[in-house]
Amino acid sequence: MPSTHPRLPSLVHLRAAGTSLLLDLTDAQLPAVVHWGSDLGPQTPESARALAEAAVPTVGSNAVDEPVRLSLLPEHRTGFVGRPGISGSRTGTAWSPRFTVTGLHLARLDAGRSDTAHPDTARSDDRGTSTPDATDLLESGPATVTIDADDPEQQLGLQLVVQLTPEGVLRSRARLTNRGETYTLDGLTLALPVPARASELLDLAGRWGKEKVPQRSPFGVGTHLREGRKGRTGADAAGVLHAGEAGFGFGGGEIWAVHTAWSGNHVHYAERTFDGHRVIGGGELLLPGEVQLRRDETYESPWLYGVFGVGLDDVAHRLHRLLRARPEHPSSPRKVTLNVWEAVYFDHDIPRLLDLADRAAALGVERLVLDDGWFGARRDDTAGLGDWLVSTDVWPDGLHPLVDRVREHGMEFGLWFEPEMVNPDSDVARAHPEWIMGARREQPVLARNQQVLNLSIPEAYAHVRDQMMALLQEYPIGYIKWDHNRDLVEAGDRTRDGRPAVHAQTLATYRLMAELKAAHPDLEIESCSSGGARVDLGVMEHCDRVWVSDCIDPHERQQMLRWTTQLLPPELCGSHVASGRSHTTGRRHTLGYRAGTALFGHFGIEWDLAEASEQELAELGAWIDVYRDLRELLHTGDTVRIDAPGDGVLVHGVVSPDRDDALFAYVVHDFGLEDPSPRLVLRGLDPERRYRISPVLPAVPPTGLVPPRWWGERAADSTYPGTVLHGAALLAAGVQPPRIQPDQVVLFRVRAEM
């Protein structure tokens, strides 16, 4: 049936990058997603209406007497018995709203991602007039649709923002406004429907030192619920929740995925109801009474990102391209970074650090970061957090001796902070115990000998901001390693009777990052949170990279990088070469394996170079040269991960956008059953073009290397000519990989023949 509200379009169709989103707002109801997935092609009002009608479910047995309508914000009042989009009440009333759409605005996205004014705007009013431009169907390419709705009886206003980007990424968020007496909001989560063929789920798990562990499960009846209650994203966070065709992999299978872009408590969920509805969604997890909206106050949900793709790599490519298109995305070459933590820990001996700077510069390092231990009484992890003043005991002349030496070598200087944390043994904690987050008079349980400083208290926020600003003013600091080393337990505001304050703390953290960057536009910030415990697209609106994990063992890092890049492109993933013996696992690895693993990220070093031999320094220097030569390819190309190439083998790489150039890594991760391993196939190349594939062996070859015949004869400079094959042959038939021992890597350069 046509809409009974001719002033508003009843259908909106957005198309971008092979993706379609068709929304149905018939009878001024909240938008229902008719289709989200592969491109439908151009639609007429008649064809779009026919598709919307064809998608209306029949009335099931023992159900409500009309078809259940599932909107982007699921409504209980329609008969939907799954998770409602809004959970809240006004002292037990107004708990099941009925919204009517009152206005719709569509703004096309130009190449720079800004909303561009567009005449497709419609709004109803009390006089019953209509907008001349309103039609039954609005169709556009990449665009932002803003939908206003109202429930006058329950005195609630709603605004939904739905955006389809040029990369085909769907972003949505909701704003709820209270127009009556105080309204307690318990949750506001959006949901995207997926088809029945999405029968399998994949998300991530993990812990400290072992982040980004994939886990799969059937998409069964009920709710697959992943809640983050740590006050930060969490090393065990779902990351990206995928629903896809059975057996979907990196290279194939339709997939629908969501990510909640929020660094505080959050939710990802997949739900399948008895009547056939399947949805994936997410939002912020609110603690009891955390958001109480007074009259005319508004709550805004985090962005929920939705991505449709064929294969996990396609999903990742869309997210990577979206992030790379941001004006704030790092555009300069990603600097080779030396962080001193695993070199010196808390031993801030100035001559030793100056020597480390000299050695780093000689290798081609471009940034040196001074880690924990430079401030207050911070000689170990029991004291000093929150007192962001340079320790005169350790640094009698301030940080100037080290900063000056770093700058003399042409390197950038970076500094470690943990702005949201405080040691009870600190000047600030003694002066202001009320600034410590807690739910009661007693302080919460300690973690890492520290508590959380409540940045939602204006005075506490100003204390941290002003001390950080003073340091940024005194020293030429180009980079901040922003750490966050404990979960938020009983994270309440003790100046407000212990009321929950994770939401306010998260917003204050974002605000502080933004304020520092506004004052220092060239400043880069790394999100480090006990390693990879704050990796999300909320914090990435303010940060320039993440620290993937505190574990730099390359055996573990292979998996972590493989799955962190499901969300973030390699240039945003801090990836360092550590010492020969891992500080977290105790394993020992060759330098080639450590460097060959770190290469596929933002490359750096975490190693006391004074302990390295001359041979190791020469080999490390060779790897730095390789990184500097290849970083444009690594940080602009498409990430490719090959599905199950063999027992104990991982294969991944990066292919340039024009398909002219590629770099792949063949990794023997474990002692496999098959010897020799199966053929190496490479995806992502142009099947019609001819490519020369040849090994890249910086300095020292991997242990146990037995080259295959196609490498050819080794030249005097220890290089191999390789062979020339069509892209189609590399994908369909492949080449025999070399024989190497476990925990070794061989790189292959693949370049188009002119």
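Per the 1.4 Å probe, what fraction of the accessible area of segment 249-353, in percent, lies on carbon and sulfur atoms?
51
How big is the accessible area of Thr639 in square angstrom, nearest 10, if you roll a 1.4 angstrom probe over the protein chains?
Surface accessible to solvent at Thr639 totals approximately 10 Å².
Taking a quarter of the surface of the Cα convex hull of segment 292-388, what do you get in nm²?
12.8
From the helices alone, meaning DSSP H stretches of at least four residues, give me the mean residue ellipticity at 222 nm for the chain, per-run term -39500 (n - 2.57), in deg cm²/dmol to the nearest 500.
-5500 deg cm²/dmol
Roughly how much of Glu619 is accessible, in Å² to the nearest 10, using a 1.4 Å probe?
Counting only protein heavy atoms, the figure is 20 Å².
Using only the alpha-carbon atoms, how far is helix 45-54 inclined from the longest principal axis of the chain? Give it as 0 to 90 degrees, nearest 10.
90
Taking Cα atoms, how many degrees apart are the long axis of helix 350-363 and the longest axis of the chain, rounded to 10 and kept between 0 and 90?
The angle comes out at about 90 degrees.
Give the accessible surface of segment 625-753 per residue, rounded to a whole number of Å², with probe radius 1.4 Å and ligands, DNA and RNA excluded.
Per residue, segment 625-753 has an accessible area of 46 Å².
If you stretched the chain out fully between Val445 and Arg496, how much longer would it get, using 0.36 nm times the residue separation minus the C-alpha to C-alpha distance?
Stretched fully, the Val445-Arg496 segment lengthens by 16.4 nm.
Got a sec? What order do Arg689, Arg232 fall in by accessible area at 1.4 Å, biggest, i.e. largest, first?
So, going from the largest accessible area down, we get Arg689, Arg232.
Kirkwood Rh and Cα-based Rg: tell me the resulting Rg over Rh for the chain, rounded to two decimals.
Using Cα coordinates only, the ratio equals 0.99.
In a shell of Cβ-Cβ distance under 15 Å around Gly252, excluding Gly252 itself, what net charge do Lys and Arg (+1) and Asp and Glu (-1) give? Intermediate results must be reported in sequence, preceding the final value.
Numbers: positive: Arg197, Arg641, Arg683; negative: Glu200, Glu245, Glu254, Asp313, Asp314, Asp643.
Around Gly252, the surrounding residues sum to -3.
Which distance in nm do the two modelled labels at His400 and Glu66 give, with both placed 7 Å along the Cα-to-Cβ direction?
7.7
Applying a 10 Å radius around every beta-carbon, put 85-98, 21-34 in order of their mean neighbour count, most first.
21-34, 85-98
Rounded to the nearest Å, what's the spacing between the alpha carbon centres of segment 76-90 and segment 710-751? Just the number, please.
About 57 Å separates the Cα centre of segment 76-90 from the one of segment 710-751.
If N is the number of residues in segment 471-603, what value comes out of its Cα radius of gyration divided by 2.2 N^0.38 Å? Write down the numbers at each step before the final one.
Details: Rg = 17.1 Å, N = 133, 2.2 N^0.38 = 14.1 Å.
Its radius of gyration relative to the 2.2 N^0.38 Å reference: 1.21.
What ranking, highest mean first, results for peptides 375-381, 139-145, 168-174 when packing means the other Cβ atoms within 10 Å averaged over each residue?
168-174, 139-145, 375-381
Taking θ as phi - 60°, what are the ³J(HN,Hα) couplings along segment 521-527 by the Karplus curve (6.51, -1.76, 1.60), each to the nearest whole Hz, with x for Gly and Pro?
3J(HN,Hα) across segment 521-527, in whole Hz: x, 8, 5, 10, 10, 9, 8.
Would you mind checking which residues have amide H under 5 Å from Asp493's amide H? H placed 1.01 Å from N; only 5 or more apart, or other chain.
Amide H neighbours of Asp493: Gly438, Gly498, Arg499, Ala501.
Could you derive backbone 3J(HN,Hα) for segment 654-659 from the dihedral phi with the Karplus parameters 6.51, -1.76 and 1.60 (θ = phi - 60°), listing whole Hz in sequence and x where the residue is Gly or Pro?
Rounded to whole hertz, the list is 9, 10, 5, x, 8, 6.
At a probe radius of 1.4 Å, what is the per-residue accessible area of Lys335, in Å² to the nearest 10?
Number for this one is 70 Å².
Taking every pair of alpha-carbon atoms in segment 530-596, what share in percent sits in each 5 Å bin, from 0 to the bin with the longest distance?
Pair shares across the bins are 4, 18, 28, 24, 13, 9, 4, 0.
What number in nm² do you get for segment 359-406 if you take the convex hull of its Cα atoms and divide its surface by four?
Taking the Cα atoms of segment 359-406, their convex hull projects to 3.9 nm² on average.
Just tell me which lysines come within less than 16 Å, Cα to Cα, of Lys481; anything on the same chain fewer than 8 places away is out.
Cα-Cα hits under 16 Å: Lys335, Lys517.
Placing one identical point scatterer on every Cα of segment 577-723 and ignoring solvent, what is log10 I(q)/I(0) from the Debye formula at q = 0.19, 0.21 Å⁻¹?
Debye output, listed in q order: -1.44, -1.62.
What translational diffusion coefficient, to the nearest whole µm²/s, does segment 174-242 have by Stokes-Einstein, given a Kirkwood radius computed over alpha-carbon pairs, a temperature of 4 °C and 1.567 mPa s viscosity?
Translational D for this selection: 87 µm²/s.
Mind pulling the angle between the C-alpha long axis of helix 502-519 and the longest principal axis of the chain? Nearest 10 degrees, somewhere in 0 to 90.
60
Can you work out the FRET efficiency for the pair Val700 and Asp110, with r the C-beta to C-beta distance and R0 = 41 Å, to the nearest 0.05?
So the FRET efficiency works out to roughly 0.25.
Tell me the volume per residue, in Å³, of the convex hull enclosing the alpha carbons of segment 434-504.
Hull volume over Cα atoms, normalised by residue count, gives 99 Å³.
Quick one: net charge around Arg751, please, counting Lys, Arg +1 and Asp, Glu -1 for every other residue with C-beta under 11 Å from its C-beta. Can you show the working numbers first?
Values: positive: Arg659, Arg689, Arg690, Arg692, Arg749; negative: Asp660, Asp661, Glu753.
Cβ neighbours under 11 Å give a net charge of +2.
Where does the charge balance sit around Arg98 when Lys and Arg score +1, Asp and Glu -1, over other residues with C-beta under 14 Å from its C-beta? Numbers along the way, then the final one.
On the way: positive: Arg69, Arg77; negative: Asp27, Glu75, Asp150, Asp151, Glu153.
Value of the local net charge: -3.
Calculate the FRET efficiency for Asp380 and Gln615 from the Cβ-Cβ distance with a Förster distance of 35 Å, rounded to the nearest 0.05.
Details: r = 35 Å, r/R0 = 0.99.
Efficiency computed from Cβ-Cβ geometry: 0.50.
The values are calculated or read from the model by the stated rules, or taken from the named source; none is laboratory data. No experiment lies behind these values; they were computed from the predicted model shown. Ideal geometry is used to build each Cβ from the backbone, glycine not excepted, and the neighbour counts take in all protein chains shown. Accessible surface is based on the protein model in full, side chains and every heavy atom, while ligands, DNA and RNA are left aside. Shrake-Rupley method; radii C 1.70, N 1.55, O 1.52, S 1.80 Å.
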